[in-house]
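Student: Take a look at the following structure, please.
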Amino acid sequence: MSEVQWEEPFCGEGNSCFRIGTDTKGNGYIALVGAEDRYLTDSREALQQMIRDIKAGKADHLL
């Protein structure tokens, strides 16, 4: 497995802090801060699309 290069944490309200990372093989990763060993991974393109969809409000029904 390639080493994940994690970005600085993104923290919303409260304790919801996430980190986004990438590796040299084109994979993207999302993890909770402090739990980077347990992550969600997919292609970079798939995670970029998920973030665009969330920003566009397509997951607002989950709030």
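The values are calculated or read from the model by the stated rules, or taken from the named source; none is laboratory data. This one's a predicted model, so the numbers in the text were calculated from it and none came from an experiment. Here the Cβ is made from the backbone with ideal geometry for all residues, glycine too, and neighbour counts use every protein chain on show. To get the accessible areas, we keep the full protein, side chains included, count just its heavy atoms, and leave off ligands, DNA and RNA. Shrake-Rupley method; radii C 1.70, N 1.55, O 1.52, S 1.80 Å.
Student: Could you go through the stretch 50-58 and let me know if any residue there is outside any helix (DSSP H, G or I) and open to solvent by 50 Å² or more (accessible area, probe 1.4 Å). Spell out how you get there, then give the answer.
Tutor: Filtering the stretch 50-58 for residues outside any helix (DSSP H, G or I) gives 56-58.
Now restrict to residues that are open to solvent by 50 Å² or more (accessible area, probe 1.4 Å): 56, 58.
There is at least one residue in the stretch 50-58 that is outside any helix (DSSP H, G or I) and open to solvent by 50 Å² or more (accessible area, probe 1.4 Å).
Student: Give the residues of the stretch 2-33 that are outside any loop (DSSP other than H, G, I, E, B), surrounded by 15 or more Cβ atoms within 10 Å (Cβ to Cβ) and touching a Gly at 6+ places or on another chain (Cβ under 6 Å), sorted by residue number.
Tutor: Those that are outside any loop (DSSP other than H, G, I, E, B), surrounded by 15 or more Cβ atoms within 10 Å (Cβ to Cβ) and touching a Gly at 6+ places or on another chain (Cβ under 6 Å): W6, T22, Y29.
Student: Still on this model: Report every pair of residues separated by at least 6 positions or lying on different chains whose Cβ atoms are under 7 Å apart, first residue within the stretch 1-23 and closer than 15 Å to R38 by Cβ and free of Cβ contacts under 8 Å to residues at least 60 places away in the same chain, second among the acidic types (D, E) and assigned to a loop (DSSP other than H, G, I, E, B).
Tutor: Close Cβ pairs satisfying both conditions: V4/D23; W6/E36; R19/E7; R19/E36; I20/E7; G21/E7.
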